[in-house]
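Read-outs throughout are calculated quantities, based only on the coordinates presented, and are distinct from any laboratory measurement. Just so we're clear, the structure is a prediction, and the values are computed from it rather than from any experiment. Note that we place each Cβ from the backbone using ideal geometry, even for glycine, and neighbour counts take in every protein chain shown.
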Amino acid sequence: MPGPALHAELAAIRALVSHGLAEVTGANEIGQFWVRSACARLAAIDALLTEAAGAGAATGVRALALGAASIGAVLLTTSVARASVAGMLAAAALILVALAGVTPRAAHRARMMTGRRRLARLPAPAAPGHTPERPGLISVPEELQHARVRLVSAVLRHVGTDRWTAPELRLAARTDPVARRLAGADLLLCQALDCLERYLFDISGTSDISVKDEVSLSGDATPLAGSVVSELDRVRRELSTVVLDAQCRDWVADRPDRVGFARLGQAGEAVSRAAGRYRRMARPVPLAALPGSGRLLRARARARRAADGPARTSDGPARPFFGPARPFFGPARPFFGPARIDDRQLYVTLGRRLEACAASARSDRSHQRRAAATDLEYALDWLAAAERELPRGRP
């Protein structure tokens, strides 16, 4: 899709999302949990669409920064040879500017500024008030449904008609900066639609999902003996792969279902929050930094292996990185064939691994890591909610 056509389409999607958000917030029900969650995701979509419009400028900014770095290196070499203080200062300034341009934060700001210039100014929609003629939120706004259709259409036209298959769309969503951000915006929009639908089911009382899914940690869950943050990262990557595969299959109508991958995406967000609580901990100085500690570390590792054996979870022995438990090609990460989101064994395995991580978090001495157990219970809730969306006839 040409650049101006893409920018016009993104501006129209932003307007639709803005109108839908105004209708939701104007229903005077912002205090409800599901409505509040939907509004937070709808508000985050605008930043992704703006950054997608300016994603093409990041390459130019990076090229300019690298060119400035090259010029600065040449000037620095010349100034050092001539022992010129002014030349050294000028070269150092150019190098600092170049390094600031290549950093992700500077690139993000450049994309946002370029995207705001390329997209039209977002008009402030008139939010309807809560009147007897309009009794609050009674249905999902049609603007959001229409925005989702146009967003998927924009992704497919940007990728190209010759690449409308699930494997090629997955590759584009991983490598193309515009497609990656549009896929993130589509995931947020599907999650917002699911939250609004669950709220409407709650107030109607006609659905079996009206009661909040509560998954408590089982009493016989074995704490994880290995690194919890590494296991959470592996679970997050696995969920991301399954979500992207199901999302691309939904785009091409190979498996049309926007609810299942949206809920798995919610589970992945909860797992990421739990892993972030472990990373924010203040870490002491590692033993390897002390002089003469190499022999002590090797002796400690041998003693730990002899005493504990391989790390175990509630699911059994820890899975090796290489080997039949994590094949690169095969049914664990299929490129063709049935969608992995329909594999019920996936939910059982992920549930046991999350229960083991939650048991470790509950028994930790740090209150910050103990709080990660709550995030993991939310992840289990969303995992169970996604499993209930599977077709009844599939194993």
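Extension gain for residue 279 to residue 201 (0.36 nm times residue separation, less C-alpha to C-alpha distance): 24.3 nm. Across segment 245-260, coupling constants 3J(HN,Hα) worked out from phi with the 6.51/-1.76/1.60 Karplus curve, θ = phi - 60°, read 5, 5, 5, 5, 5, 5, 4, 9, 6, 6, 9, x, 6, 8, 7, x Hz, and Gly and Pro carry x.
Report note on the peptides 140-147, 19-26: ranked by the mean count of other C-beta atoms within 10 Å, highest first, their order is 19-26, 140-147.
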